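Nothing in this text is a laboratory measurement; each read-out follows from the coordinates by a stated rule. Note that the structure is a prediction, hence the values are computed from the model and not measured. FYI the Cβ positions are ideal-geometry reconstructions off the backbone, even for glycines, and counts take in every protein chain you see.
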Amino acid sequence: MIDGVEIKKLKVIPDERGRLMEILRCDESIFTKFGQVYMTTTYPHVVKAWHAHRLQDDHVTVVFGMIKLVLYDAREGSPTQGEIDEFFIGEHNPLLVKVPRGVTHGWKCISETEAIIINVVTEPYNYEHPDEIRIDPHENDIPYRWERKDG
């Protein structure tokens, strides 16, 4: 696994009223600090990639649908430089994935319905100077292709 990436298996607690799933608590070792929480969605078969941050860590989970979250460690001097991690997260595999600053990441919706993603980030979004490094999802030097791997 890429250096600095952490995974938390999320527990869904159902009862006759519905379900509850804790995502991130401030008293857990995976928690760094709070910047903001946002929700984003991705339509079926759409790729939202690649990007990285200089300042913020992301804590990604999916509350509806499924995504393939892919991380690429392009950090100079990292002990896992060049490694790729792939996580299938969502309704059928509730996980929280901590993506450390500097790790390039993106996802593809692999469910037949829109996926709803919650991201808890360590820095608030800066509208004047966004903390984002964006890379084309398909034309790049990252050794990863978004096609489905039947095999």
For the range 69-128, just say rounded, prolate or oblate: build the C-alpha gyration tensor, square-root its eigenvalues into a ≥ b ≥ c, call rounded for a/c under 1.5, and beyond that prolate if a/b exceeds b/c, oblate if not. oblate
Could you give each residue of the range 39-53 its phi-based ³J(HN,Hα) in whole Hz, using Karplus coefficients 6.51, -1.76, 1.60 with θ = phi - 60°, and x for Gly or Pro? 10, 9, 10, 9, 6, x, 6, 8, 9, 10, 6, 8, 7, 9, 10
I'm a student and want to see the number: the projected area of the Cα convex hull of the range 9-63, averaged over all directions, in nm². 5.9 nm²
Sequence order, the range 12-27: Karplus ³J(HN,Hα) from phi using 6.51 cos²θ - 1.76 cosθ + 1.60, θ = phi - 60°, Hz rounded, Gly and Pro as x, gives 9, 10, x, 8, 5, 9, x, 10, 10, 9, 6, 9, 8, 10, 6, 9
What is the order of C109, C26, fewest Cβ neighbours within 10 Å to most? C26, C109
Most mobile of L55, L69, L95 in a GNM of the chain (Cα contacts under 10 Å): L55
What ranking of V47, V37, V62 emerges when the number of other C-beta atoms within 10 Å of each C-beta is taken as an exposure proxy, fewest first? V37, V47, V62
Where a Cα-Cα gap under 24 Å defines reach, which lysines qualify for K108, not counting those fewer than 8 residues away within the same chain? K8, K9, K11, K48, K68, K98, K149
Linear extension gain, N126 paired with S78, 0.36 nm per residue minus alpha-carbon span: 14.6 nm
Based on the Cα atoms of the chain, what semi-axes does the equivalent ellipsoid have, where each is the square root of 5 times one gyration tensor eigenvalue, given in whole Å with the largest first? 24, 20, 15
Give the order of F87, F64 when sorted by the count of other beta carbons within 10 angstrom, beginning with the fewest. F64, F87
